[in-house]
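This report refers to the structure that appears directly beneath it.
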Amino acid sequence: MTDDADAGDPEVPADPEHESEIPEDHPRYQSLLTRHRIEHGVDLGITSKQGLIAEGRGEAFDYLLGEETLPSADEAARVAAAHLLLADHPVLSVNGNVAALVPGEIVALAAATGADVEVNLFNRTPERMEAIAEHLRDHGASEVKGLTADGRIPGLSHERAKVDADGIGDADVVVVPLEDGDRAEALGAMGKTEIVIDLNPMSRSAQVAAVPIVDNIIRAVPNITRHAEDLADASDEELRAIVEAFDPEAALEEAERAIRQGELD
């Protein structure tokens with residue numbers, strides 16, 4: 001696998017201070033942009049060092065997918081939008097990588113669907129929780145949940161079990177991007193409808209999701225928002241028909257097939 005940036009592309013700063021320094025016409029622009037945002041997130045205290053590893057793993061799968069949204073992922077994003085619009089209490093769960101990569105996009109999705117935004121971390125500290133909440137507020141969030149942590153997800157012993165009782169604890173539909181498999185299973189056991197964004201179709205999170213979206217989060221979140229805006233005037237009957245027609249196993253199979261059979265540039 002050859003990476004122009006890693007090969008020392010003179011057009012890309014080795015350590016850009018701002019993402020605007022990355023040329024948008026660079027063939028690896030999207031990859032370079034996500035790396036910069038994760039690195040910057042570490043500097044801001046938003047993203048953990050483990051998040052750098054997770055981003056690298058995801059980027060490898062995105063490369064195998066051709067760094068594009070598959071038709072099945074676009075369909076899953078539309079189904080996700082329908083679920084969120086039908087929900088009584090939708091919540092968007094945000095971890096450090098999500099906050100670093102798509103803070104404004106998360107706020108836009110919340111606005112389009114009436115969803116709450118809640119911070120939830122594995123490596124949880126009060127300072128990091130507040131840093132992420134403030135980062136989301138800086139990008140337009142009017143309210144950020146997760147700091148109260150007066151509820152728990154049964155069956156989990158680590159910090160990700162902590163939730164707000166009136167947030168994820170009370171939610172019927174939860175978007176859980178870049179999720180841990182055990183927490184994904186635990187949320188499903190609580191009877192919540194899970195929408196998972198994960199570039200690995202074979203991950204436990206994607207396998208247990210009601211709606212697995214196998215796509216890069218920087219494409220998937222705006223895509224869900226676009227579909228939600230397009231479906232804003234749809235009836236509940238129309239939205240339910242979209243939800244009921246979706247086959248998560250078929251979506252996962254198409255993504256895995258694309259990874260196994262795709263041609264690399």
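The values are calculated or read from the model by the stated rules, or taken from the named source; none is laboratory data. The model shown is predicted, which means the values in this text are computed figures rather than measured ones. Cβ coordinates were reconstructed from backbone atoms using ideal geometry, including for glycine residues, and neighbour counts include every protein chain displayed. Only protein heavy atoms, including side chains, enter the accessible area calculation; ligands, DNA and RNA are left aside. Shrake-Rupley method; radii C 1.70, N 1.55, O 1.52, S 1.80 Å.
Here are some notes:
- Anchor K192: lysines whose Cα lies under 28 Å away (excluding residues fewer than 8 positions away in-chain): K145, K162
- Dipole of the chain, positive end: most advanced residue of Q261, N120, A73 [Cβ charges, Cα centre]: N120
- Prolate/oblate/rounded label for the range 28-101 (Cα gyration tensor, a/c 1.5): oblate
- For the chain, the share of DSSP beta bridges that are antiparallel, to the nearest 5, is 10%.
- Under a Gaussian network description of the chain, with springs only between Cα atoms under 10 Å, the residue in P126, P90, P103 that fluctuates furthest is P126.
- Estimated dipole of the range 119-220 in Debye, rounded to 20 [Cβ of Lys and Arg +1, of Asp and Glu -1, Cα centre]: 200 debye
- Seen from A184, the other residues with C-beta closer than 14 Å to its C-beta sum to a net charge of -2, counting Lys and Arg as +1 and Asp and Glu as -1.
- Anisotropy class of the range 195-265 from Cα gyration tensor, a/c 1.5 cut: prolate
- Förster radius 22 Å - calculated FRET efficiency between E68 and E253, Cβ distance, rounded to 0.05: 0.80
- Computed from label points 7 Å out along Cα-Cβ, the spacing between E229 and R152 is 4.2 nm.
- Area of R226 that stays accessible when all protein chains are in place (1.4 Å probe, Å², to 10): 100 Å²
- For V243, the solvent-accessible surface computed with a 1.4 Å probe is close to 30 Å², ligands and nucleic acids excluded.
- The accessible surface of the chain, taken with every protein chain in place and a 1.4 Å probe, is 46 percent carbon and sulfur.
- Only one of [x] 108; [y] 122; [z] 134 was calculated from the structure for volume of the Cα convex hull per residue in Å³, and its label is [y].
- Extension gain (nm, one decimal) between R240 and Q261, 0.36 nm per residue minus Cα-Cα: 4.2 nm
- Accessible surface, per residue, of the range 111-175 when the full set of protein chains is kept, probe 1.4 Å, Å²: 44 Å²
- With DNA, RNA and ligands ignored, accessible area of F246 (1.4 Å probe; Å², nearest 10): 20 Å²
- Rounded is the label for the range 72-218, because a/c, from the alpha-carbon gyration tensor with a ≥ b ≥ c as root eigenvalues, stays below 1.5.
- For the range 187-265, the per residue solvent-accessible surface stands at 51 Å², with DNA, RNA and ligands left out and a 1.4 Å probe.
- Dipole moment magnitude, nearest 20 debye, the chain about Cα centre, only Lys, Arg, Asp, Glu C-beta charged: 940 debye
- Charge dipole (the range 127-265, unit charges on Cβ, about Cα centre) - positive-most of L156, L136, G146: L156
- Only helices enter this figure: runs of n ≥ 4 DSSP H residues, each worth -39500 (n - 2.57), summed and divided by the residues of the chain, yield -15000 deg cm²/dmol at 222 nm to the nearest 500.
- Size of electric dipole in the range 107-151: Cβ of Lys, Arg +1 and of Asp, Glu -1, about Cα centre, debye, nearest 20: 100 debye
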